[in-house]
Structure formats: structure tokens, C-alpha cells
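I have placed the structure first, in the form of C-alpha cells, so that the comments after it can refer back to it.
The values are calculated or read from the model by the stated rules, or taken from the named source; none is laboratory data. Just so we're clear, the structure is a prediction, and the values are computed from it rather than from any experiment. Every residue, glycine as well, gets a Cβ built from its backbone with ideal geometry; the counts of neighbours run over all protein chains shown.
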């Protein structure tokens, strides 16, 4: 864990906090902590977070349409691609969701992308398929 953050990182955290506050107000029964938990489960995808909250609010079963991740699945990401665990993720989540999750967990630097400017100019969390556009 880092001891300090750059000004750019602090701006990202501030924007996230404001977005979470707005969502907490919009979805009155949710706390910022609950919204943060869902944000982590949906790989930092704000659109997926909103879809999850809307579906939950309207008691729709479409919540499962939003790709959610848990700790065990995150552990399987560290397994070799030819392992049973990783292949199971490929079947259930698909390559695109796996790449999106890896990017979310590892960040641009850990994922092998070294363009901080690209991330700074993007939305709060940029996913691989978005950064290639």
C-alpha cells in the first residue's frame, strides 16, 4: 500500500467519492460503503454499478447480467491459463471480462500499460477495451 498519492490519483479518488455520494443519494437505501463494495465486485465499472443498483432497486433478476467477481475468482486469475480454475473463469466470465478484471486489479502499471496520460484523460476507471479506442 502506498504512503502517499500523486495529485492525479487524489483527483481520481475525489471524483470517485463524489460519484459514490451521488449514487448513495439516488439509491437512498445504500451507504457509500455498500456502493464501494459493489464497485469492487463489478471491476470499477460505473455503468455496471449503476445497472446493478437500478436492477436491485426495481427487484429485477437482471442483476446477474452484471459481471460480479468474488475473492475466490480473483484468486483463480493468478493461476496458469491452462489450470482448471482459470479455464472455468474463461467459460463463466469470458476473456473480455477477465481482461477487464485484471486491469482493474492490477491497474495500468501492473497490467503493462505505461501511459499515465491515457488514464488521466479517461473516465474514472479505464478498462482495456476502452483504452484501445
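When residue 126 is tested against (1) part of a loop (DSSP other than H, G, I, E, B); (2) crowded, with 16+ Cβ neighbours inside 10 Å; (3) modelled with pLDDT of 90 or more, just one condition goes unmet, and that condition is (3).
Specify the residue that is nearest to the chain's Cα centre (by Cα); the eligible residues are those in region 18-34 that are loosely packed, with under 12 Cβ neighbours inside 10 Å and assigned to a helix (DSSP H, G or I). The residue in question is 33.
Looking only at region 76-88, residues that are out of contact with any helix residue (DSSP H, G or I) (no Cβ under 8 Å at 6 or more places or on another chain) and at pLDDT below 95 come to 1 in all. Scanning region 53-71 for residues that are part of a helix (DSSP H, G or I) and either under 18 Å from residue 107 (Cα atoms) or at pLDDT 90 or above (or both) yields a count of 2.
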